[in-house]
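The structure under discussion appears below in the form of structure tokens.
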Amino acid sequence: MATPKFITGKGTFQQELKTRVNNYFADMKKPSTGNFSLYFKAILFFVCYFSIYIHLLFFTPAVWLCLVECLVLGGITAAIGFNVMHDGSHGSFSKSKIVNRLAAVSVNFFGASAIMWNMKHNIIHHTYTNIDGVDDDIEIKPFLRMCPTQKKYKVHRFQHYYVWFLYSFLLIIWVFMTDYQKYFKKKIGTVPIQKLSTKQHISFWAAKAGYALMMIAFPIYKLGFMHWLIGFLVLALFAGFVLSIVFQLAHTVEHTAFPLPIEASNKIENEWAIHQVQTTANFATKNKLVSWLVGGLNFQIEHHLFPKISHVHYPAISKIIKQTCEDFGIQYIEYKRMRHAIASHASYLKRMGR
């Protein structure tokens with residue numbers, strides 16, 4: 001499928017949004033990038049991550065404590081992805097390009113490729129959100145049917161039950177399978193990826209080798225194969241579950257849209273900004289703990305409209321965006337609590353399986 005185009009024009013919703021949000025930052029005299037609270041959180045997460053890693057490998061606590069620490073390590077892995085890597089990959093973590101680059105490549109420490117993530121997430125997902133055949137985030141076939149245009153199998157009648165088990169394998173599949181598929185096939189889904197430079201090829205393999213040494217070879221050497229395997233599975237399965245839940249609640253719920261381009265023109269009926277609002281949902285935006293842990297990814301509408309603005313500003317600009325949507329008669333999809341979004345996701349998957 002060729003990548004579709006969006007309707008463009010003057011006096012649009014997107015232009016009005018940009019004006020209002022830019023005026024906010026001008027009036028407040030503050031940068032749109034991260035601040036001290038974000039940097040402190042980033043340092044805290046990394047200190048906790050490496051402290052637990054060192055404690056597990058060099059001090060070998062009791063079995064029950066090992067399992068707890070591996071679980072916590074999985075949670076911190078997801079938290080670093082949400083708070084540090086994600087902002088860094090969008091260039092919003094810091095005003096410094098170098099710092100942003102360092103934050104972005106932190107995903108390499110957790111086994112995923114920063115190069116593939118940038119192409120899959122920043123370029124494809126953020127442009128063609130929820131467009132079947134283009135957005136790789138909703139391509140979980142044949143195990144899950146994520147939108148009405150995908151083929152339905154008998155097993156999908158039960159997908160709202162078994163999906164939670166599948167979500168746990170996200171990190172393992174990402175690290176050990178899908179990154180390599182993208183690399184060797186030279187495309188993400190149906191979308192060809194740009195030709196990699198020699199430096200990017202080296203970076204891809206260096207990151208994978210570094211992860212294998214840090215998270216597989218060295219722990220097996222220190223602890224033995226079975227102890228490593230159990231600990232690694234606890235870490236990876238929990239991290240995968242958390243990552244999947246947070247990202248899927250943003251787009252695959254009952255009220256989000258899955259538009260397809262007009263066949264004759266290969267154009268989406270709406271402009272890009274309206275498309276982002278219609279295909280995205282917020283959840284638990286008043287819950288400060290959830291917002292802190294998931295790096296503002298419960299403010300997904302704000303993030304999709306302004307990915308280069310750090311998540312620390314989402315609560316403030318959400319009021320502007322919500323009002324602008326109201327002024328233009330555009331539905332602003334929001335679930336007050338996280339459990340409501342989870343229930344909506346389950347209900348949506350059940351409907352897709354009927």
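Using the Cβ of residue 113 as centre and a radius below 10 Å, the other residues enclosed give a net charge of +2, where K and R count +1 and D and E count -1.
Using the average count of surrounding beta-carbon atoms within 10 Å as a protection proxy, the listed peptides 38-49, 305-316 rank, highest first, as 305-316, 38-49. Please work out the C-alpha center-to-center distance from the stretch 165-215 to the stretch 305-334 and express it in whole Å. First find each Cα centre; the distance between them is then 33 Å. Rounded to the nearest 20, the Cβ-based charge dipole of the chain about its Cα centre (Lys and Arg +1, Asp and Glu -1) stands at 260 debye.
If you average the alpha carbon positions of the stretch 45-63 and of the stretch 94-115, how far apart do those two centres end up, in angstrom? Taking the Cα centre of the stretch 94-115 as reference, the centre of the stretch 45-63 is 23 Å away. For the stretch 123-134, 3J(HN,Hα) computed residue by residue from phi via the Karplus equation (6.51, -1.76, 1.60; θ = phi - 60°) reads 8, 7, 4, 6, 8, 10, 3, 6, 8, 4, x, 10 Hz, glycine and proline entered as x.
Listed by chain and number, the lysines whose C-alpha is less than 18 Å from the C-alpha of residue 286, apart from same-chain residues fewer than 8 away, are 319, 322, 336. First compute the accessible area of the stretch 1-44 with a 1.4 Å probe, then give the percent of it belonging to carbon and sulfur atoms. Answer for the stretch 1-44: carbon and sulfur cover 60 percent of the accessible area.
Normalised by the number of residues in the stretch 281-354, the average gap of Cα pairs under 8 Å and 6 or more apart makes the relative contact order 36 percent. Among rounded, prolate and oblate, which fits the stretch 110-213 when a ≥ b ≥ c are the square roots of the eigenvalues of its C-alpha gyration tensor, a/c under 1.5 means rounded, and a/b larger than b/c means prolate? It comes out oblate by the Cα gyration axes.
Looking at the square roots a ≥ b ≥ c of the eigenvalues of the Cα gyration tensor of the chain, which shape do they give, rounded for a/c under 1.5, prolate if a/b is larger than b/c, or oblate? Provide the component values of the computation, followed by the final result.
On the way: a/c = 1.58, a/b = 1.34, b/c = 1.18.
Cα axes put the chain in the prolate bin.
Less than 5 angstrom separates the built amide H of residue 336 from those of 284, all sequence-distant by 5 or more or on a different chain. The string of couplings for the stretch 172-187 from the Karplus curve (6.51, -1.76, 1.60, θ = phi - 60°) is 4, 5, 4, 6, 9, 9, 5, 4, 5, 4, 5, 5, 7, 7, 6, 7 Hz, one whole number per residue in order, with x for Gly and Pro.
What shape does the stretch 176-301 take by its C-alpha gyration tensor, where a ≥ b ≥ c are the square roots of the eigenvalues and a/c under 1.5 counts as rounded, a/b above b/c as prolate, and the rest as oblate? Oblate is the answer for the stretch 176-301, as a/c is 1.5 or above yet b/c matches or exceeds a/b. Rounded to the nearest whole Hz, the Karplus-based 3J(HN,Hα) values (6.51 cos²θ - 1.76 cosθ + 1.60, θ = phi - 60°) of the stretch 198-204 follow the sequence 4, 4, 5, 4, 4, 4, 4, with x at glycine and proline.
Would you mind getting the accessible area per residue of the chain, heavy atoms of the protein chains only, 1.4 Å probe, in Å²? Don't skip to the answer; put the middle values down first.
Details: 17340 Å² over 354 residues.
Heavy-atom SASA per residue in the chain reads 49 Å².
Computed from Cα atoms alone, the Kirkwood hydrodynamic radius reported for the stretch 227-301 is 14.8 Å.
The values are calculated or read from the model by the stated rules, or taken from the named source; none is laboratory data. This is a predicted model, so every value here is computed, not measured. FYI the Cβ positions are ideal-geometry reconstructions off the backbone, even for glycines, and counts take in every protein chain you see. Each accessible area value is taken on the protein alone, full model and side chains, heavy atoms only, with ligands, DNA and RNA left out. Shrake-Rupley method; radii C 1.70, N 1.55, O 1.52, S 1.80 Å.
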